[in-house]
Each structure stands twice: as structure tokens, then as C-alpha cells.
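Here the structure is laid out as C-alpha cells; the discussion comes afterwards.
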Amino acid sequence: MKRLPNWCWPAIVLAAVLIFNLVLTPGFFHLEIRDGRIYGSLIDILNRAAPVGLLSLGMTLVIATGGVDLSVGAIMAIAGAVAAGLIARPSETPFAGGAPSLGLAAPLALVAALFCGVFNGVLVAILEFQPIVATLLLMVAGRGAAQLLANGQIVTFNAPGFAMLARGATLGLPNPVWLLLIALLVFNLGTRATALGLFVEATGSNPTAAKVVGIDARKVKLVAYALSGLCAGLAGLVITADIQAADANNSGLYLELDAILAVAVGGTALSGGRFSLVGSLVGALLMQALTTTILTRGVTPETTLMLKAAVVVLVCLLQEPKFRESFKRRVRA
Amino acid sequence: MASLLEVRGMGKRFLGVAALENVDFDLVKGEVHTLMGENGAGKSTLIKCLTGVYQPESGTTQLSGHEIHPRSPDEAVRLGISTVYQEVNLVPNLSVMENLLLGREPRGPFGIQWRKLQKRAEAAMMRLGVEIDVRVRLGNLSIAHQQMVAIARALDVSAQVLVLDEPTSSLDADEVAALFAIIRKLKSEGIGIIFVSHFLEQVFEISDRVTVLRNGQKVGTWSISELTRLELVSQMIGRDATELDRAATLEVVENSGDPILQAKGISKRGSVSDISLELRAGETLGLAGLLGSGRTEVTRLLYGIDSIDSGSLQIDGSQPSRYRPMTAIQKGIGYLSEDRKGEGIFPELSVRENIVILEQVKCGWLRRMSPSRQKELADDFIVRLKIQPPDSERAIQFLSGGNQQKALLARWLAVEPRLLLLDEPTRGIDVGAKFEIMSLVESMRQSGSSFVFISSELAEVVRSCTKVIVMRDRHSIGTLEGDAITESNIVQEIAGS
Amino acid sequence: MNRTHLKERLPVLITTSVFVVMTLAAGLHFPNFLTLRVLGNLLADNAFLGVVAVGLTFVILTGGIDLSVGSMVGLSSIMAAKLVSSAHIHPLLALAAPLAFGAFIGWVHGILISKYGLPPFLVTLAGLFFCRGVALRISHESLQIDHPFFNALTGWSLSLPGKASITVPTVVFILTIAVGMWLAKQTTFGRTVYAIGGNAASARLMGLPVSRTLVLTYMLSGLCSGLGGALFTIYTSSGNAISGTGLELDAIAAVVIGGTLLSGGYGSVFGTLLGIGILGVVQTAITFQGTLSSWWTRIVIGSLLLAFMLVQKGIESAANRSRST
């Protein structure tokens, strides 16, 4: 018997959501090509799912090691503040005075994000703080740091070249979609063409046994958190390029839950172990498809927030053997 | 005298395997009745059935003539059966008096009445003849004192039956003496005590009667005065010591060169002390002794999971600076833990991944083994070790215990270690798998590998070891070599006669 | 043996000395700092945070965490404001409604955590988003409250010498601290909370009502954050759905700086009061300084929290080392 991959369930639900729209939302599947670029709701879903998709890649590795990263939203804000600062050079910020450095903006923002990830990694892997508390530190203090970098302002800029990162298109598809696909490819190669993926899964599956076979769990965790930071940086760049502004207060706000949800829905157990990057991506797409559906049906975005919270709890409950047992018992009775 | 507690025909199965079969047991007022048996003999299952942790599938339990069916430890306590475990089940961050009376504390209009609480706690400790300040936090007491607090708590709910599950495992001689004084006092008050211990001297010192279990069945109950140590050990291991003098005939491999591993007087506080051993190529060194004698602890030190406090550990004649599992692996030393679930398998990962992981760790994370190489390696071992079902992609958690064990063995064989530490490799697996594993070990030894071997089954030790170190109470008490390796010699060493 | 004693006492000792040193330093640096008025304001400004932190102290004592407290404050404030301004319900009832809702959310948290074994951070993180969603659903805009009784509540103050005064939030805060200390020290519930934090499995074997106590603890935390939101509404005379964003870190920081171990079992409500004091002094000092921006508070609090977590780690490993030898 050939086993189905564990991301087949979210994929089926995603298909169901799309079919729902096919029937009930006129023009949902309409695609048209204008100026060498494809437009339509489907492309829109792909495009909008890119930031959460990027976050979920790094989050997948962190969760697979048995941890969690709550700070990704704040890291996005930091990366955005650094990039916008380097481009706009606003006064009264640490970036004031210099010439706009477009070429440095993205790399330095990513370096800052990577640094944040390493900081999380050191707290969790070396100092052995609980992942929740360690990453909560940056979740909130990180926004303070982002505000400091932007001196509390919303830093706007006008840099068409940089904006292309989010608004441009290549070969018909929006650039964020390409970015996401490339990141997925790189992550898949990085984890599956090396032994990193196996070591991550072993660490999350049974930390004691991992120690016995000589896996350095600290190194594995450090890498996972660092990569999660890097992904958050990329996602932050996409959002900053899209709105051509860095808003330290709102950039990436609440996205950590979306990323965790995408990972959980994608078939990676929150207790760690087996992970699926493709699954997380399907999860992210499913979430965006849901959001888009809700919005096109005229429901307010706050409802999405509540709905997502409910879905997270439900998905986790379904993963919990205790719940499934009591549920089965109730069904049988 | 009428029985205080009477068990008839108790049985309990786990996943179809009998853990306890048709066991009778009784306890009279004011006696210490000891339960003995090796790993998997059924002691803990019997106790858990008595104390409501498990529900037995067959048999009856009567307490003072009334039939009882405790459904939870709580209910058992209310019925009058209290248990004190080796791991003290109290909370370290609260005071002694709270640990004694939490949940039953005297309350007034303004909440807990601390003075009353303290008086009652002091009285409870006085009953045991123990003088400690009941206001200090439990975590600040020695394990022995914590255990006494646990006993006092158990007694405070007017227990008739007190179960002491390996209470002496982490106590020193003076502390054991103090504990026994308490047990004698309770005996005189008419409380029936079920005592579980692996320490022969203690059993002979404190017990009135002994019941021996083996493989889930009762071997017999004896009054302690009609048993010798040798007889008791023979009953536990299941061999008549006088009949078994056949020496195992093992082909001795020409001793080649310097020792691979040399331990001189290694100790770890609270674990084992002063262990010396030496291993050369082509040797299988047995560690014999009862459960709790320190066998496992020694292998953990040799593999670098735990670190030694004193003594020296040399590999190929040099002392590694920081000895960790990774160092051991690099030096060609392997370790198969007795705790298959906790320290062995990665449950969600496939059999293939569980087998290749060590080889992969040795390669490093950048040089990933190709999928075809992984599959080849896994399939090779699946065939060689007859792992069932022969599906390398199945998650290992769905395999039977014996097949999991074979896969874990394959994990080590894949890296071709020079020395493999095997801690109870044959426990809990079927006879066929046992035989296969042990023949493989022997053929590898003949081609120059060496092993440290632990088993509760003496016959296995005798059959496969070229040298045996006998352990008792966390010390090595003797070494047997060549023709001297017989079951009766080992049993006599263990019994100390 | 003395090391384990150290584990109990040292955090509170450090907290107390940090509080004293910081207050004195601020007093030396800013001449008007050490006045009754400034200290009174410090209490009034942080009353809502303090009330939230008291509830959270119990959760952390069990070894759990509640990330939903900040958004519960926002929900509570907008709910009260909406009930008064749109539904014209008496303010007293309108302020009580979010308390009940907070307890209900806490009950849901507790059930999911104790009955189904879901990780507390995940459950309460979902709670964070849920409450914020509900709050934004009620109103995006900030709602002013104008009601005679409410204005009386907001305006009431007890004058003390030195232009100092005591306001309603201050009184409620002090009462909450007192009740919290009583609960923790004098009741079976409180002692069970400590027992669960010490060793939940043992507590269960001792026959203590672990599940029920956990549910009650999360309910208490929900109730306290609801109350905190009500105080925030009184403090600002308005309701805002996004108030309390990031408050969870401040509250956790206050609890941890107050000497409660994140691993549970050790700590006190009094320590949390000291923790609130330290946060208040930092905030007030930054305001006094004038040139530093408000987000510095956040960064300083984050750094303080990190420092105290490191100290806790050090104490823990020292205690472990002394036990194993």
C-alpha cells in the first residue's frame, strides 16, 4: 500500500474551498493576462499567501524540533524598519544622514533578522529557556526595537526598484510567489538533500534517543531558530516593499498565529518530529484561500481572527490522542 | 490469624500478553511480606492492581474479609491501602507539614489554621519517632527523611496496609536502619506491610515472609526462616543452583593486543562505586547481578551518557578529555539501551531512518547518504535480522518490541562498532528473536568484535560471555573467567555465600 | 542544603534590592522623584497592570502561562465602553460583564489545558487572537464614556498630604494584592497551586484536585485581566479595542522580576507587587528624563526580564548542582 503524504488532508480541504468558490463566487477562477502578467483571484491568493508561507517554512523546522517561535511578527517589523531606514534615511533615526543605499537595504535587513533568529536560538538551545518564553521576549521587545529604529514613525519611501520585490512580476507570476517557490526549493534541498531534516526530526521525535546516537541537539535547534528568523526577515521585506513603508507597530502583527496554524494544518505535529514543508505551504495557501473567501463574502477581517483561533484549537485537539479517544467514546455511546 | 489482605487468582494482560497470571497473595496484620522477582516478573503489576492504578481482569481482592475493587489510587487510599514509592511522590517546594496534610488541612474562617496544622504534623512525625522541623521545605530534607514524611502521610489516612515499593534504593546504611526501625514500630501497631526490595540482606533482615514471582506467575511463598539466600536467588532466577554446573564452552578467540577499553575504579556518586574492568577484541564481558545492582549504571558510564566522578576511563590506552556519546561513537563504541522506548527508537520515523541515523551522524549533516544507499543498508539488515514486516518505510512505532529491538541492533551494526554495550538486549522479545540476536553476537565476537552484555537470564550470560563481573549493591564483588562461569557460581556470588 | 534555601529567598532578595537601589538612584537623579505624589501616581498608573499580574502570578506558579491577558484587557475595556455608550447599561453592570466574560474565557482555557493536555501557550495564544478579534468586532474606534456614575468613579480620589491622591484603580489594586496574598497563603486552592508547580504528577498522586485547581487558576487569571481592563477603562475614561497590546510581556515581566520562577512552584504575590514597582519606577524615570521615547520602556523591560531569567537559570543550576553532590 502506498501511503498518502501527510499534507493530503489540507490539500483536499483547499480543493474543497476552491470548489466552493467555483460554484458560489462568480469570476473566482477567472484569469486574464495584462501587460505580460496574470491576474485573478487564484493568483491573488498565491501572492497574498507569500509572507505567511515564508514564515511557515522556518516555523516548520522550529516546531519539528519541539519548539515554537512567537517572535516572527516582531522580526518582520525589525527587518522592515532596517530596510526602510536604509532607503529613506529618515531624520532622528539611527539611519539618518547617509545616502540612500538601495543595494544594502535587503541584505542588511536579512542580516538583522538572522541575528534575531540566532538570539532566539541561543536562548532556547544554549541557555535552555522554554521556547515560548524565550521567543516571547523578542515578540514584544522586538517591536520596541523596531520602533526605536524608526523613531516611532511610519517610515515611507519611494523606491520603485525595491518595490518590485513585492509588486513586480516575472514570467507572468508576481515576484513574491517566485520568492516563496524558491525559498521552498532551497529549504527542501537544505533539509532533504542534507541530513539536517533527519536530525531535526530525530531531535523532535525523541530528544533522549537523539542524544544517545550523538546528535548535537543544540546545534540543530540553533540552526532552526536562525532559519526561522531569516524567513521572517524575508517576509518582512516583502510586506515593506509592498506598501513602500515600514510600520513598526503593525507590520507582521498576528502573523505568528497564521504561521503556526499553517504548520499545524500542514501535518506537522506541534509536539515535534516529522515535518512537511510542502504541507506547511499548502496550509498557508489554505489559510489565505479561507481569508480571501471570507473577505469576498463580505465578512469583516476580525471574524477571520476569531475563526483562525478556533481552527488552531480544533486542529490541535484533533492531534491530541486524549481528545480523539474521548470523542470516539462519545460517538460510540 | 485471619488475613488482612487476601488476593486470589489475580490476572492482568497487556496487549494480549499476560503480565500477571493466577497469582495468590496474602498479608496478615503486623507482618512484613516481601515481594521479589526480576524484571518483568510481575511485582509492579501486582502492586498496581492492589493500589488501584490498574484494574485486574481476573481474581478477587479481600481487605479484612470484604471484597474490594479500587478504581484509583485515591480510592485505594480511602479503603486503607497506601503506597510509598521509591521516587518520593510529594512536592519539594512546600513545607513538611503541608506535604503531610495538604488536602486535609484544618481550616477556620480565615483559611488554613497554620498552628493547628503544625501541631498535627508534629504529632504525625512523632508517631514514627522522627524529630524534624515540620516547617522546613521538603526539598531541603534528605531522601530518607522525605520517605519518612511520605510514610507519615500514608499513615495519616489510617492505613491498614502499607506498600513500600523499593523504599531503600537510594538510602545509605544508617538511613535504612532508621527506616527499618519505623517499619518495626508499625508492625507492632498491627499494620500489614508489603515490601519490595532487591537487596537480599535487607529482605532477610526485615521480612516475615517472602513471595517470589517469575514471568507473571507465583513461584511460591516461604517463611523467611526456612530459606537460605542461595535458595531465594535460585527461585528468582528459576534455576536450581545445585544442578547447574555445566560450564559454557565458548571458543576463545586469540587475545589480540591491547585493551580497547579500560576502566580503573570508576565511580559516580549516588550510582556505582569503584568499578574496574578491561575489554579486548573478541571478548564478551557479562555484567551479572540482580536488578538494581548497578549493571545499567556501569554501561551508561562506559558510553559517556553519565560522567564519572572519580577513577579513570581509558580507550585505546588514552583518556578522552570530554567523554560524551559522540566521542564513544567515534572511538567505535556503541550502546543499546534497555529502555527501548525512552532511549532507543524515534517512534514516528521509518525503520530505514531508525537504522541509518547513526551512520548518518557519523557522516555529518552535509554528507547525506543517498536514498538508494539508505534503502540498501536498511533492506540488508531487514533481511539479515529477519525484521518483520520487511517494510523499511513503515514507522517503527508500529513494529513489535522484538522487531524494534532488531532494528536498533541493526542501527549499531551498520556502523560496525568494535565494542557494543548491550543492556538487556533480549528483554521482552520472543524466543526466536532472542536466539537470532544472541547467535549474531556470538558470530561477531568470533570475528573480533567485543561486547558488554547484561541480562537477567543467567543462562544467556553463561552461554555467551567469556568473562563475567558479578555485581551486588552497586559494587563489583567478583570476576569469573573461563570454566568458572557457571550459573551456580554466579548465583552463589550474587547471594554472597 | 543552604543552596535550596537560596533558591527560595534569593529572587525576592534581588528584587527588593533592585527596587530600593533603582528608586534611590532615580530619587538622587531627579529631585522631585521621591515624593508621595509621584509614588501615588506610580501606583495609579500601573494599577490595571498590577491586577492582571496578580492573576498571572497564580498561572505561572502552576508552571503554566497565559498569553491572552493583554487582549483580554482590550476586550474588557471596549466591552464596558460599548455597553455604557450604546446599550445604556449602568456602568457598574457594564464593568462587571467583562469580568464574567474573562472568567469564562479562562474556564475554556483551563478545560483545554487540564482536560485535553494542550500546551498552555498555544491555548492562550489562540485566546489572545480570539479576544482581540471579538474586541475589534465590537468597535474599531475608541469609545468615550460619558455617564454621571462613571464620571464619579473616574473623578473620585482621596487626597493625601503632599498633593498625593488615591484613586479607584489604586484601591482596587491594593485590594487585589491583599486578596491574592490571602488566596496564595491561606487557602487550600493556593497551596494546591504551589503543589502543582512543584510536581503536578505527585500532586495528583497525593489526591489533590489538580484538574479543578488548574481550571480555577486560568479562570482567576481571566477574571483578573477582565478586572484589569475595567480599571483601564476607568483610568482612561474610554474603551479601546487595541489597548493592552503587548501587555502580556509587561505582566510576565512583573511576575518574573518579582521572583516567581517560570518553571512554577516558587514565588509570591508580594513579589509581583515589587515587580510592578520596578516596572513603574523604570517607566516614571523614563518620563522624568524627558528625551527618551516611550518605546525605550519596552526595551528596558525586555532587558530586565532577560536579566532576571538569566539569574533564575543560574540559581536553578546552582541548586541542582548542590543536590546532586
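Laboratory data are not the source of any read-out in this text; all were calculated from the coordinates shown. The shown structure was predicted, so the numbers you read here are calculated from the model rather than taken from an experiment. Virtual Cβ from ideal backbone geometry, glycine too; neighbours counted across all protein chains shown.
In the neighborhood of B:V7, defined by Cβ-to-Cβ distances under 9 Å, what is the net charge if each Lys or Arg adds +1 and each Asp or Glu adds -1? Before the final figure, lay out each step's value.
Values: positive: B:R8; negative: B:E6, B:D24, B:D26.
Residues close to B:V7 contribute a combined charge of -2.
Based on Cβ point charges of +1 for Lys and Arg and -1 for Asp and Glu, what charge dipole magnitude is obtained for the protein assembly as shown about its Cα centre, in debye rounded to the nearest 20?
Details: 96 positive and 88 negative charges, 500 e Å.
Once rounded to the nearest 20, the dipole reads 2400 debye.
Would you calculate the separation in nanometres between label points at B:R135 and A:L173, each defined as 7 Å from the Cα along the Cα-to-beta-carbon direction?
For the pair B:R135/A:L173, the computed spacing is 7.3 nm.
Could you size up the charge dipole of chain B around its Cα centre, putting +1 on the beta carbon of Lys and Arg and -1 on that of Asp and Glu, and report it in debye to the nearest 20? Write down the numbers at each step before the final one.
Working: 57 positive and 65 negative charges, 329 e Å.
Using only the charged Cβ atoms, the result is roughly 1580 debye.
Just to confirm the number: angle between the C-alpha axis of helix B:401-413 and the first principal axis of chain B, 0 to 90 degrees, nearest 10?
Tilt relative to chain B: about 50 degrees.
Taking every residue in B:93-105, how many Cβ atoms of other protein chains lie within 10 Å of its Cβ, on average? Don't skip to the answer; put the middle values down first.
On the way: counts 14, 9, 1, 0, 0, 3, 4, 0, 1, 9, 9, 2, 3.
Across the residues of B:93-105, the mean count of other-chain Cβ atoms within 10 Å is 4.
Relative to the present Cα-Cα distance, how much length would full extension add between B:S276 and B:K386 at 0.36 nm per residue of separation? Write out the running numbers ahead of the final one.
Values: separation 110, 0.36 × 110 = 39.60 nm, distance 3.68 nm.
Contour length minus Cα-Cα distance gives 35.9 nm.
List every residue whose amide H lies under 5 Å from the amide H of B:G289, counting only residues 5 or more places away in sequence or on a different chain, with H placed 1.01 Å from N in the peptide plane.
B:M471
In nm, to one decimal, how far is the A:L295 label point from the C:I166 one, both placed 7 Å along Cα→Cβ?
Inter-label distance under the simple model: 5.2 nm.
For a quick check: with amide H placed at 1.01 Å from N, whose amide H comes under 5 Å from B:F451's, ignoring anything fewer than 5 positions away on the same chain?
B:E283, B:T284, B:L285, B:L420
Over chain A, calculate the relative contact order: mean separation of alpha carbon pairs under 8 Å at least 6 apart, over the residue count, as a percent.
On the way: 586 pairs, mean separation 105.9, N = 333.
Reported as a whole number, the value is 32 percent.
Counting only other residues whose beta carbon sits under 13 Å from that of A:I38, what net charge do I get with K and R as +1, D and E as -1?
On the way: positive: A:R34, A:R37; negative: A:E32, A:D35, A:D44.
Cβ neighbours under 13 Å give a net charge of -1.
Which whole-Hz ³J(HN,Hα) couplings does the stretch C:9-21 yield from phi under the Karplus relation 6.51 cos²θ - 1.76 cosθ + 1.60, θ = phi - 60°, glycine and proline marked x?
So the J values, rounded to whole Hz, are 8, 4, x, 5, 4, 4, 4, 4, 5, 4, 4, 4, 4.
Once you have the Cα-Cα distance between B:F435 and B:A2, take 0.36 nm times their residue separation minus that, and quote the gain in nm to one decimal. Kindly include the intermediate steps, with their values, before the conclusion.
On the way: separation 433, 0.36 × 433 = 155.88 nm, distance 4.75 nm.
Using 0.36 nm per residue and subtracting the Cα-Cα distance, I get 151.1 nm.
Quickly estimate the mean residue ellipticity at 222 nm for the protein assembly as shown, helices only: each DSSP H run with n ≥ 4 gives -39500 (n - 2.57), and the total goes over all residues, rounded to 500. Each step should come with its number before you reach the end.
Working: 43 runs with 642 residues, N = 1155.
Taken over the protein assembly as shown, the calculation gives -18000 deg cm²/dmol.
Is there a simple number for the mean count of other chain Cβ atoms within 10 Å of the Cβ of residues in C:192-205, and what is it? Don't jump to the answer; show the numbers that get you there.
On the way: counts 4, 0, 5, 8, 1, 3, 9, 8, 1, 3, 9, 6, 3, 8.
Taking all residues of C:192-205 together, the mean is 5.
Residue by residue through the stretch B:474-487, which ³J(HN,Hα) values in whole Hz follow from phi under the Karplus form 6.51 cos²θ - 1.76 cosθ + 1.60 (θ = phi - 60°), with glycine and proline marked x?
6, 10, 8, 10, x, 10, 10, 9, x, 5, 6, 7, 10, 4
Enumerate the amide H contacts of B:G478 below 5 Å, restricted to partners 5 or more residues apart or on another chain; note that Pro and chain-start residues carry no placed amide H.
Those lying under 5 Å, H to H, from B:G478 are B:V470.
Hey, got a sec? Which GluC sites (Glu not before Pro) in the stretch B:312-417 land in a DSSP loop and have at most 13 other Cβ atoms within 10 Å? Let's see the in-between values first.
Values: sites: B:E338, B:E343, B:E348, B:E353, B:E359, B:E376, B:E393; in loops: B:E338, B:E348, B:E393.
Loop-located and lightly packed - B:E393.
Work out the FRET efficiency for B:K116 and B:R184 from their Cβ-Cβ distance, taking R0 = 41 Å, and round it to the nearest 0.05. Show your work: numbers first, answer last.
Numbers: r = 30 Å, r/R0 = 0.74.
The computed FRET efficiency comes out at 0.85.
For B:K362, list the lysines whose Cα falls under 28 Å from its own Cα; do not include residues on the same chain fewer than 8 positions away.
Of all the lysines, those that pass the test against B:K362 - Cα under 28 Å, at least 8 places apart if same chain - are A:K211, A:K219, A:K221, B:K331, B:K341, B:K375, B:K386, B:K406.
Pick out which of A:G80, A:G266, A:G98 has the largest mean-square fluctuation in a Gaussian network model of chain A, springs linking Cα atoms closer than 10 Å.
Looking only at A:G80, A:G266, A:G98, the biggest GNM fluctuation is shown by A:G98.
Helix B:351-363 sits at what angle to the longest principal axis of chain B, using alpha carbons and giving 0 to 90 degrees rounded to 10?
70 degrees
Would you mind getting me the FRET efficiency between A:R37 and A:K219? Use the beta-carbon distance for r and R0 = 45 Å, nearest 0.05. Present the calculation step by step, with values, prior to reporting the outcome.
Details: r = 43 Å, r/R0 = 0.96.
Calculated value: 0.55.
Using a Förster distance of 45 Å, how high is the FRET efficiency between C:S157 and A:S91, based on the Cβ-Cβ distance and rounded to 0.05?
Numbers: r = 42 Å, r/R0 = 0.93.
Computed FRET efficiency for C:S157 and A:S91: 0.60.
Could you list the chymotrypsin sites (Phe, Trp or Tyr not before Pro) in the stretch B:69-120 that lie in coil according to DSSP, counting only those with at most 12 other Cβ atoms within 10 Å of their Cβ? List each step's numbers first, then the result.
Values: sites: B:Y85, B:F110, B:W114; in loops: B:Y85, B:F110.
For chymotrypsin sites (Phe, Trp or Tyr not before Pro) across the stretch B:69-120 that sit outside H, G, I, E and B with at most 12 neighbouring Cβ atoms in 10 Å, the list reads B:F110.
How far is helix B:173-188 tilted off the main Cα axis of chain B, in degrees rounded to 10, range 0 to 90?
Roughly 40 degrees between the two axes.
Within chain A, what's the longest stretch lacking trypsin sites (Lys or Arg not before Pro) that sit in DSSP loops with no more than 11 other Cβ atoms inside 10 Å? Don't jump to the answer; show the numbers that get you there.
Details: sites that count: A:K2, A:R3, A:R297.
Longest stretch, sites excluded: A:4-296.
Applying a 10 Å radius around every beta-carbon, put C:74-82, B:258-266 in order of their mean neighbour count, most first.
Details: C:74-82: 28.3, B:258-266: 17.7.
Result, highest mean first: C:74-82, B:258-266.
Provide the per-residue ³J(HN,Hα) series for the stretch A:231-239, in order, calculated from phi with Karplus coefficients 6.51, -1.76, 1.60 and θ = phi - 60°, each as a whole number of Hz, with x at glycine and proline positions.
These are the phi-based 3J(HN,Hα) values: 4, 4, x, 4, 4, x, 4, 4, 5 Hz.
At B:Q446 and C:L92, where each label point lies 7 Å from the Cα along Cα→Cβ, what is the point-to-point distance in nanometres?
9.5 nm
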